[in-house]
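Since the structure comes first, as structure tokens, the remarks are kept for the end.
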Amino acid sequence: MTIDINCDMGESFGIYKMGNDEALMPFITEANVACGFHASDPNHMRTTVTLAKQHNVKIGAHFSLPDLAGFGRREMVIERDELANIIIYQIGALKEFLKILNVSLCHLKPHGSLYGMAARYEHVAHAVCDATEHLQLPVFGLAGTLHEQVYEARGIMFKAEFFADLDYDDDGKLLITREHPRLDPVKVADKALRAVTDGIVVSASGKKNKVRADTICIHSDTPNALEIVKAVNASLSGYMQASN
């Protein structure tokens with residue numbers, strides 16, 4: 001068994017700084033680079049890609065609903081065709097920076113509310129497929145949801161993602177929040193390790209649910225994200241060696 005640690009990165013915008021990508025990058029294996037629709041801009045996209053290349057971290061496109069003011073965490077009503085075009089546009093922008101730096105695009109991940117909507121609404125999941133199936137790259141998603149069902153039915157590689165720094169409800173579904181509070185790094189690391197070794201996540205109310213974890217997500221905008229990612233990296237080091 002091998003495991004990746006991924007992190008949403010490049011989310012600064014203009015003079016506004018979000019997260020500490022430089023400090024986090026050595027402790028992850030996959031960087032989900034914001035493509036400008038929920039966060040980031042051309043300068044920060046290029047900086048993040050350069051940083052990931054320096055640390056030999058795999059790069060993925062982190063595409064979103066067009067909601068820069070709401071950080072992509074507000075749901076929007078968009079038809080399937082238009083949504084697919086919105087996703088293609090974002091991936092295309094990132095791929096040009098990768099081409100210039102001679103780096104490959106390794107994976108794809110919807111952001112925020114788009115991620116949650118693709119887990120629940122077929123037309124949204126299909127829009128993700130419409131935009132990405134030609135790339136033949138893995139798409140991150142939640143096991144046991146439309147992510148897995150629709151992506152795999154469309155012949156798209158599916159990579160089960162576990163969110164160590166977010167809560168799950170009693171049905172094993174992810175609770176997506178607009179802000180991330182400070183967390184206990186030891187508890188987050190233990191949660192990640194249990195998901196990997198036992199396939200279990202405990203809900204906020206204490207109920208155990210089955211979960212799959214091929215990659216563990218840590219959000220860069222959590223206040224103590226660096227302490228968290230260090231703890232998760234240490235707890236999973238034995239499972240990461242073969243994938244680095």
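The values are calculated or read from the model by the stated rules, or taken from the named source; none is laboratory data. Being a predicted model, the structure only gives us computed values, none of them experimental. Every residue, glycine as well, gets a Cβ built from its backbone with ideal geometry; the counts of neighbours run over all protein chains shown. These area figures cover heavy atoms from the full protein model, side chains too; ligands, DNA and RNA do not enter into them. Shrake-Rupley method; radii C 1.70, N 1.55, O 1.52, S 1.80 Å.
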Open item on the list: Given points 7 Å out from each Cα along the Cα-Cβ axis, report the residue 55 to residue 171 separation in nanometres with one decimal.
Closed with: 3.6 nm
Open item on the list: Assuming 0.36 nm per residue, please report the length gained on full extension of the stretch residue 100 to residue 187 beyond their Cα-Cα distance.
Closed with: 27.3 nm
- [ ] Report the calculated FRET efficiency for residue 203 and residue 179 (r = Cβ-Cβ distance, R0 = 22 Å), to the nearest 0.05.
- [x] 0.65
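So which of 187/210; 95/230; 210/230; 58/95 end up more than 23 Å apart by C-alpha? Don't jump to the answer; show the numbers that get you there.
Working: 187/210 18 Å; 95/230 29 Å; 210/230 25 Å; 58/95 13 Å.
The answer is 95/230; 210/230.
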Task: At 1.002 mPa s and 20 °C, Stokes D of region 112-244 from Kirkwood alpha-carbon radius, µm² per second - done: 138 µm²/s
- [ ] Please sort by residue number the chymotrypsin sites (Phe, Trp or Tyr not before Pro) in region 108-149 whose DSSP state is loop and whose Cβ has at most 15 other Cβ atoms within 10 Å.
- [x] 121
Open item on the list: Taking 0.36 nm per residue of sequence separation and subtracting the Cα-Cα distance, how much length would be gained by fully extending the chain between residue 153 and residue 77, in nm to one decimal?
Closed with: 24.9 nm
TODO: Subtract the Cα-Cα distance of residue 237 and residue 17 from 0.36 nm times their separation in residues, and report this length gain in nm to one decimal.
DONE: 76.3 nm
Open item on the list: Explain nothing, just compute: Karplus ³J(HN,Hα) = 6.51 cos²θ - 1.76 cosθ + 1.60, θ = phi - 60°, for every residue of region 52-60 in order, whole Hz, x for Gly and Pro.
Closed with: 4, 4, 4, 9, 6, 9, 5, 10, x
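Quick one: accessible area per residue over the chain, 1.4 Å probe, rounded to a whole number of Å²? Walk me through the numbers before you get to the answer.
Numbers: 10930 Å² over 244 residues.
It amounts to 45 Å² per residue over the chain.
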Task: DSSP loop GluC sites (Glu not before Pro) with at most 10 other Cβ within 10 Å excluded, longest remaining stretch of the chain - done: 80-178
